[in-house]
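The values are calculated or read from the model by the stated rules, or taken from the named source; none is laboratory data. If you're wondering where the values come from, they're calculated on a predicted model, not measured in any experiment. Every residue, glycine as well, gets a Cβ built from its backbone with ideal geometry; the counts of neighbours run over all protein chains shown.
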Amino acid sequence: MTLVEFERFLDANPRLIQVVTTGGEQFNRDDIEEFWLAMDRRGHRTSCATNAVETDRIIEREGALLARLSGRHLRNFAVSMDGLEETHDRVRGTPGGFARAWRLFQWAREQERRWPFYRVEICSTLTAANYREFPAFVEGLVAQGVPLRKIGVMAALASSHYYQNEKSLQPINAREELAALIEALQRKHPGLASGFYMESYLGWLRNPADSVRCLAGAAFGYVDPYWDVYPCVVLDRKLGNLRDCGFDVRRLWQSPAAREFRAEMAAHPCTRCFNKCNRWNSMRATTAGLSRIAWRQLRGMLRGGGRHG
Ligand code: SF4
């Protein structure tokens with residue numbers, strides 16, 4: 001994927017509501033800032049989740065990027081932290097990684113005060129190796145003065161084509177226990193992960209079938225660094241290559257493989273995972289979903305809570 005191709009992709013698909021770059025570690029790519037600037041020029045938000053390993057280099061590059069962005073579109077920046085110090089360093093396999101991540105988060109918080117379009121958070125990925133420690137981790141962050149709205153959480157996903165972690169991942173099988181653990185935390189800290197996303201996640205943990213219907217391969221998809229397109233980051237099911245379609249997503253969506261995939265999804269909805277892409281993009285693609293989002297927003301405003309995610 002070259003920058004020139006990426007710009008062609010953006011220009012060929014001006015009606016895409018959301019384009020999100022993703023890693024691995026996005027800063028491993030030396031020209032990733034140019035991709036974000038190309039998005040910013042075209043009115044897209046940009047985002048990055050980082051492992052903070054090359055802390056000084058990330059600070060230097062992110063700081064320079066902030067000065068170059070237009071300021072008209074949000075930039076979200078998440079620092080990955082997977083538990084208390086010992087756990088984080090063990091899970092990530094990087095001695096000193098926790099201290100580096102914390103330093104980067106502190107730096108980013110300072111930038112947040114300087115740049116009004118900048119949003120910073122800590123993102124914690126849960127697996128069987130760390131989820132029981134999540135409450136202690138949250139308490140530790142709260143004790144350090146981290147606002148609850150700055151603490152994001154997601155469960156790790158298994159994927160052969162994206163994370164290549166199907167053999168190494170330790171999934172959380174005790175779904176009820178995880179749901180109860182999060183709910184207990186929310187009772188203690190009502191501002192923690194209080195939006196519709198978490199509400200929906202808790203519902204999915206208890207009953208994956210009784211959830212938002214996933215519209216992967218229709219409302220959203222995943223493009224790999226070679227322009228191969230998949231329905232999502234989990235299913236290893238190639239739908240075509242954007243280089244063969246002039247980078248036009250609508251053309252690719254009409255490929256026989258994409259049509260076949262959507263027909264299978266209509267007959268047998270997939271409930272294998274839960275993530276922000278499949279929830280929000282699936283909901284936004286249907287009138288019923290949009291109505292649910294609008295109703296929640298309205299209810300939040302009537303209660304004086306403003307915007308509810
Ligand atoms: S539920 Fe998850 S794995 Fe299944 S199609 Fe949707 S995003 Fe992919």
inquiry  = Given the criteria under 25 Å from residue 283 (Cα atoms), surrounded by 17 or more Cβ atoms within 10 Å (Cβ to Cβ) and modelled with pLDDT under 95, does residue 229 qualify?
reply    = no
task = Give the residue, chosen from 72, 57, that is out of contact with any His (no Cβ under 7 Å at 6 or more places or on another chain) and either in a helix (DSSP H, G or I) or farther than 25 Å from residue 20 by Cβ (or both).
result = 57
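Please determine whether any residue of segment 41-58 is surrounded by fewer than 12 Cβ atoms within 10 Å (Cβ to Cβ), among the acidic types (Asp, Glu) and in contact (Cβ under 8 Å) with a residue 24 or more places away in the chain.
There is no residue in segment 41-58 that is surrounded by fewer than 12 Cβ atoms within 10 Å (Cβ to Cβ), among the acidic types (Asp, Glu) and in contact (Cβ under 8 Å) with a residue 24 or more places away in the chain.
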message = Scan segment 31-40 and tell me whether some residue there is farther than 30 Å from residue 135 by Cβ, touching a residue at least 24 places away in the same chain (Cβ under 8 Å) and not in a helix (DSSP H, G or I).
response = yes
Segment 165-192 residues that are within 15 Å of residue 129 (Cβ to Cβ), paired with ones that are aromatic (Phe, Trp, Tyr) and at pLDDT 90 or above (beta carbon under 6 Å, 6 or more apart) = 172/131; 178/131
query = Name the pairs: first residue in segment 91-118 and modelled with pLDDT of 95 or more, second residue assigned to a helix (DSSP H, G or I) and hydroxyl-bearing (Ser, Thr, Tyr), Cβ to Cβ under 7 Å, at least 6 apart or on different chains?
reply = 100/55; 103/55; 104/55
ask   = Which one of these is acidic (Asp, Glu) and under 21 Å from the mean Cα position of the chain (by Cα): 176, 199, 183?
value = 199
inquiry  = Between a residue in segment 259-282 that is polar (S, T, N, Q) and any residue that is more than 7 Å from the ligand (Cβ to nearest atom) and part of a helix (DSSP H, G or I), which pairs come within a Cβ distance under 8 Å, given they are 6 or more apart or on different chains?
reply    = 271/204; 282/289
ask   = Got a sec? Which helices (runs of 4 or more DSSP H) wholly within segment 245-309 have at least 2 residues that are within 16 Å of the ligand (Cβ to nearest atom) and farther than 20 Å from residue 16 by Cβ?
value = 256-267
query = Which residues, taken from segment 220-244, are assigned to a loop (DSSP other than H, G, I, E, B), over 16 Å from the mean Cα position of the chain (by Cα) and within 14 Å of the ligand (Cβ to nearest atom)?
reply = 235, 236, 237, 238, 239
query = What is the one condition in (1) within 23 Å of residue 26 (Cα to Cα); (2) within 14 Å of the ligand (Cβ to nearest atom); (3) in a loop (DSSP other than H, G, I, E, B) that residue 212 does not satisfy?
reply = (1)
request  = Answer yes or no as to whether residue 223 is surrounded by 18 or more Cβ atoms within 10 Å (Cβ to Cβ), under 18 Å from residue 16 (Cβ atoms) and β-branched (Val, Ile, Thr).
outcome  = yes
request  = For residues that are at pLDDT 90 or above and assigned to a loop (DSSP other than H, G, I, E, B), scanning just segment 140-158, find the one that is farthest from residue 112 (Cα to Cα).
outcome  = 144
